[in-house]
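*Asks:* Structure in structure tokens, see below.
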Amino acid sequence: MHLVQQLLFIVCTIAGVYIFARKVGEMRRNILLGRDEDLSDNSAQRWKNMLLLAIGQKKMFKNPIPAFLHLAVYGGFIIINIEILEIFLDGMLGYHRLFAHAEGLRTLYAFLIGFFELLASLVLIGCVIFFIRRNIIKVRRLNMKELKGWPREDANIILMTEIILMTLLLVMNTADQALQGRPGAEHYIALNPFWISGNFVHLFSGMSVSTLIGIERSCWWLHILGIFFFLNYLPYSKHFHILLAFPNAYYSKLTPNGQVKNMKDIQNEVLYMMEPDKAPAATAEAEHKRFGAKDVTDLSWKNLLDAYSCTECGRCTSVCPANNTGKLLSPRKIMMDTRDRLEEVGKNITANKEFKDDGKTLLNNYISVEELRACTTCQACVDACPVMIDPLDIIMQLRRNLIMEESNAPQEWNMMFGNIENNMAPWKFSPDDRDAWVNS
Amino acid sequence: MSVKSMAEYAANGENPEVLFWVGCAGSFDQRAQKVTKAFTQILDKAGIKFAILGKEEMCTGDPARRAGNEFMFQMMAYNNIQTMNGYGIKKVITICPHCYNIFKNEYPALGGNYEVMHHTTFLQQLINEGTIKLKDGGVFKGQKITYHDSCYLGRGNAIYDAPREVLEAFDNELVEMKRCKSNGMCCGAGGAQMFKEEEPGTNRINFERAGQALETGATIIASNCPFCMTMLSDGVKNKEKEDSVKVLDIAEMVAMSL
């Protein structure tokens, strides 16, 4: 019987990890569809950013209430993994509470389990409050129109899964303690009461040994299967940020927010016009790349990593002046659209071995011109993101494509361009009057 | 007061300490011209040898670049850098955060390397060094002032304190809006919005922002950007508060207190 359970466990583990790894490989391939961008510089500053922003969650604390709740859920999630290690070893080796076998360590063991229970309870409470904020209080940021449908369900599935997993862990421990010292349950090692579940053992005291073992084993199995489910749910969900927040913070922009990326190819083009002798040889441009971005493959790999790192919290959108005044633009939607389109392109490649034109692009089919036109480039979205996503960089690249490839500009902008070209100022004034203020 | 151009200095074989980059708004916009004049008065009073480029100055290319017209931006940048490098300019002061940002962050990649200062940082320096002294019990004594962070000085370049320090030098009360510093709200002009109609929405960004400024009960809204100045002035007018609430550039406030 034991052996069957062990084998079953090993099969589940291998399958769970394999399917996860395969999907992650696919995501990596998708991210690398983006254009090259060398971000290998300044590793000291990058490690520091990762430490402060991803591990330390520095930017979350602009908003203390969700920050503390999030910290509890995140801290609990990470530290409880130590217990998952024991669960793994138990499952593979057929033990029950392997780490409690050394008699001298039992006090410490019970203490640690107690501590994990405390964390599990904090995760549970945190998730319940998050659920209430989302579905009952209906915090505005968490109930905007771009979240209708799947994104909203996704958020609730994540919260419910975490609530269920933590409940299973606590019920398992309660049943375990009810079994300790009972005849017929000798392998349930007697331990000091656990901090949280220890208070609920009396609820289970009337149950028979076999019922209790049934409860304990079911919880154990459901918990670990739940973890395998969750692991494989992550790549399809916004919750993947728990992994990508780290590389994304590492590779985040180190230059001032106000700085727009230079377009070297256009710079060379101008140089070629003005000073042909100084311009780099024209042969260097082997293939013409689109100016700006029309589809996800025109974006840089960092933009695509950004898209997979977004957990749709909406801090960007809630500070966007355009969104605040009812315009169509939502920086969160820019990130969600980029991810959705990237997934679509990825599936296309998986199915056809290479990308088969589907007549769609990120620009127009996902992100409309009106959205792009509403941006004031104020960088509030960039500043707000706790994991250093840069929606503005994507907006800028799409805008460049609209102007330079499609000559798609509002009439007033065309006039402004004309004025700059002819009068060296965006307004229609004579360049001779530029210093007229001196004598006025 | 005489304002000399770089060409005039060069003709005399002289080198000014700084180039005052006036910018398109400072040159042509009637309201912004007042800021330009106020700032030249301060430079004059502080005894700083400065020049303007005059007719040789051109748009930095900021609105073109942010609208997506990289080609036009590169053209303007090329021309300006040629002019500035031709004069051997080392230090630039500007009254526009968009010009400031582009000189500071975007021209270096194109061969334009200058020490750049926004006028509010420069004013703070002049006051701290004692080069200029504000009158005791000046015109702003006891008035409530609120400060609007422009995007390209604030979030764009993390300059939040220098302009506030200048304002604190007046004998008055500085009140913050709910959205300030890194969470400050845009006036609605950036990203070339200044030059087009807003997209359809429920409110105008400048009306929203002006409302936030008025909520503080301040009678002066201090700004550091000619575009914010236009947007906020229109916003205040929309709320019919233009008689009781003034939108002033920090340079104007300093000039009035000398």
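*Asks:* Quantify how strongly other chains surround peptide A:251-262 by giving the mean number of their Cβ atoms within 10 Å of each of its Cβ atoms.
*Replies:* Shielding by partners across A:251-262 averages 6.
*Asks:* What Cys residues in the protein assembly as shown have no fellow cysteine's beta-carbon under 4.7 angstrom?
*Replies:* Singleton cysteines: A:Cys12, A:Cys127, A:Cys219, A:Cys310, A:Cys313, A:Cys320, A:Cys375, A:Cys385, B:Cys24, B:Cys59, B:Cys180.
*Asks:* Please give the helix A:391-404 orientation as an angle from the longest Cα principal axis of chain A, in degrees from 0 to 90, rounded to the nearest 10.
*Replies:* Helix A:391-404 sits at roughly 30 degrees to that axis.
*Asks:* Right, next: Taking amide H atoms as placed 1.01 Å from N in the peptide plane, list the residues 5 or more away in sequence, or in a different chain, whose amide H sits under 5 Å from that of B:Ser5.
*Replies:* B:Ile52
*Asks:* In whole Hz and in residue order, list the ³J(HN,Hα) couplings for the stretch B:145-157 that follow from phi through the Karplus curve 6.51 cos²θ - 1.76 cosθ + 1.60, θ = phi - 60°; x for Gly and Pro.
*Replies:* 10, 10, 10, 9, 6, 6, 4, 7, 8, x, 3, x, 9
*Asks:* Check which residues have an amide H placed less than 5 Å from B:Lys246's amide H, if you skip close sequence neighbours.
*Replies:* B:Ile220, B:Ile221
*Asks:* Is there a simple number for the mean count of other chain Cβ atoms within 10 Å of the Cβ of residues in A:405-416, and what is it?
*Replies:* Shielding by partners across A:405-416 averages 4.
*Asks:* What is the mean number of Cβ atoms from other protein chains located within 10 Å of the Cβ atom of each residue in peptide B:25-31, rounded to a whole number?
*Replies:* 5
*Asks:* To continue, here is another question. Treat the count of other C-beta atoms within 10 Å as a stand-in for reagent exposure and order B:Val3, B:Val22 from fewest to most.
*Replies:* B:Val3, B:Val22
*Asks:* Relative contact order of the stretch A:264-409, please, whole-number percent, based on alpha carbon pairs below 8 angstrom and at least 6 residues apart.
*Replies:* On the way: 159 pairs, mean separation 45.4, N = 146.
Result for the stretch A:264-409 is 31 percent.
*Asks:* Determine the dipole magnitude for the stretch B:6-123: charges of +1 sit on the beta-carbon of Lys and Arg, -1 on that of Asp and Glu, nothing else is charged, the reference point is the Cα centre, and the result goes in debye to the nearest 20.
*Replies:* Magnitude of the dipole: close to 280 debye.
*Asks:* Find which of A:Thr255, A:Ile227, A:Phe240 sits farthest along the positive direction of the dipole of the stretch A:179-321, computed with +1 on the beta-carbon of Lys and Arg, -1 on that of Asp and Glu, about the Cα centre.
*Replies:* So the residue furthest toward the plus end is A:Ile227.
*Asks:* With +1 on each Lys and Arg Cβ and -1 on each Asp and Glu Cβ, and nothing else charged, work out how big the dipole of the protein assembly as shown is about its Cα centre, in Debye to the nearest 20.
*Replies:* On the way: 74 positive and 77 negative charges, 263 e Å.
Result for the protein assembly as shown is approximately 1260 debye, rounded to the nearest 20.
*Asks:* Going by amide H atoms built from the backbone, whose H comes under 5 Å of the H on A:Arg35, apart from near neighbours?
*Replies:* Residues meeting the criterion, in which the H sits 1.01 Å from N, are A:Leu299, A:Ser300, A:Trp301.
*Asks:* Something else: Pop the C-beta distance of A:Leu243 and B:Glu129 into the FRET formula with R0 = 51 Å and round what comes out to the nearest 0.05.
*Replies:* On the way: r = 51 Å, r/R0 = 1.01.
For R0 = 51 Å, the calculated efficiency reads 0.50.
*Asks:* OK, next. Each residue of the stretch A:60-73 in turn: what ³J(HN,Hα) in whole Hz from Karplus with 6.51, -1.76, 1.60 and θ = phi - 60°, glycine and Pro shown as x?
*Replies:* 4, 6, 5, 10, x, 5, x, 5, 5, 4, 5, 4, 5, 5
*Asks:* Taking the alpha-carbon set of chain B, what are its Rg and Dmax in Å?
*Replies:* 18.0, 57
*Asks:* Report the charge-dipole magnitude of the stretch A:264-409 in Debye, nearest 20, computed about the Cα centre from +1 at each Lys and Arg Cβ and -1 at each Asp and Glu Cβ.
*Replies:* 380
*Asks:* Considering only DSSP beta bridges whose two residues both sit in the stretch B:134-258, what percent are antiparallel, to the nearest 5?
*Replies:* Values: 0 of 10 bridges.
Here the antiparallel bridges make up roughly 0 percent for the stretch B:134-258.
*Asks:* Looking at the square roots a ≥ b ≥ c of the eigenvalues of the Cα gyration tensor of chain A, which shape do they give, rounded for a/c under 1.5, prolate if a/b is larger than b/c, or oblate?
*Replies:* prolate
*Asks:* Report relative contact order for chain A in percent, whole number only (criteria: Cα-Cα under 8 Å, sequence separation at least 6). Don't skip to the end; give the middle numbers.
*Replies:* Working: 476 pairs, mean separation 81.8, N = 440.
This gives 19 percent for chain A.
*Asks:* Using label points projected 7 Å from each Cα along Cα→Cβ, tell me how many nm separate A:Lys356 and A:Ala279, to one decimal.
*Replies:* Calculated label separation equals 4.1 nm.
*Asks:* Can you give the FRET efficiency to the nearest 0.05 for A:His101 and B:Val175, using r as the Cβ-Cβ distance and R₀ = 56 Å?
*Replies:* 0.30
*Asks:* Calculate for chain B the 222 nm mean residue ellipticity that helices alone would give, adding -39,500 (n - 2.57) per DSSP H run of length 4 or more and normalising by residue count, nearest 500 deg cm²/dmol.
*Replies:* -12000 deg cm²/dmol
*Asks:* Can you work out the Karplus-derived ³J(HN,Hα) for every residue in the stretch A:263-279? Use 6.51 cos²θ - 1.76 cosθ + 1.60 with θ = phi - 60°, whole Hz, and x for glycine or proline.
*Replies:* Whole-Hz 3J(HN,Hα) from phi for the stretch A:263-279: 9, 4, 5, 6, 4, 5, 4, 5, 4, 5, 5, 7, 9, x, 5, 8, 6.
*Asks:* Here's a follow-up. Can you give the calculated 222 nm mean residue ellipticity of chain A, where each DSSP H run of n ≥ 4 adds -39,500 (n - 2.57) and the sum is split over every residue, rounded to the nearest 500 deg cm²/dmol?
*Replies:* Counting only the DSSP helices, I get -18500 deg cm²/dmol.
*Asks:* Of the listed pairs B:Lys104/B:Lys181; A:Lys145/A:Lys264; A:Lys333/B:Lys34, which have alpha-carbon separations greater than 31 Å here?
*Replies:* Checking Cα-Cα distances, A:Lys145/A:Lys264; A:Lys333/B:Lys34 exceed 31 Å.
*Asks:* Which shape class applies to the stretch B:6-123: rounded if a/c is under 1.5, otherwise prolate when a/b exceeds b/c and oblate if not, where a ≥ b ≥ c are the square roots of the Cα gyration tensor eigenvalues?
*Replies:* oblate
*Asks:* Of A:Ile389, A:Pro183, B:Ala64, which is farthest along the charge dipole of the protein assembly as shown in the positive direction, counting Lys and Arg as +1 and Asp and Glu as -1 at C-beta?
*Replies:* Selected residue: A:Pro183.
*Asks:* Say the dipole of the stretch A:264-409 comes from +1 at the beta carbon of Lys and Arg and -1 at that of Asp and Glu; which of A:Cys316, A:Ile266, A:Asn408 then lies farthest toward its positive end?
*Replies:* The listed residue farthest towards the positive side: A:Cys316.
*Asks:* Right, here's the next one. At what distance in nm do the modelled label points of A:Asn348 and B:Gln143 sit from each other, each positioned 7 Å from its Cα along Cα→Cβ?
*Replies:* Here the answer is 5.9 nm between the modelled labels.
*Asks:* How many nm is it between the label spots at B:Lys45 and A:Lys23, if each spot is 7 Å from the Cα in line with the beta carbon?
*Replies:* The two pseudo-label positions are separated by 6.7 nm.
Coordinate-derived values only; no laboratory data. Remember, it's a predicted structure, so these values are computed and weren't measured experimentally. Positions of Cβ are generated from backbone atoms using ideal geometry, with glycine treated the same way; all protein chains shown enter the neighbour counts.
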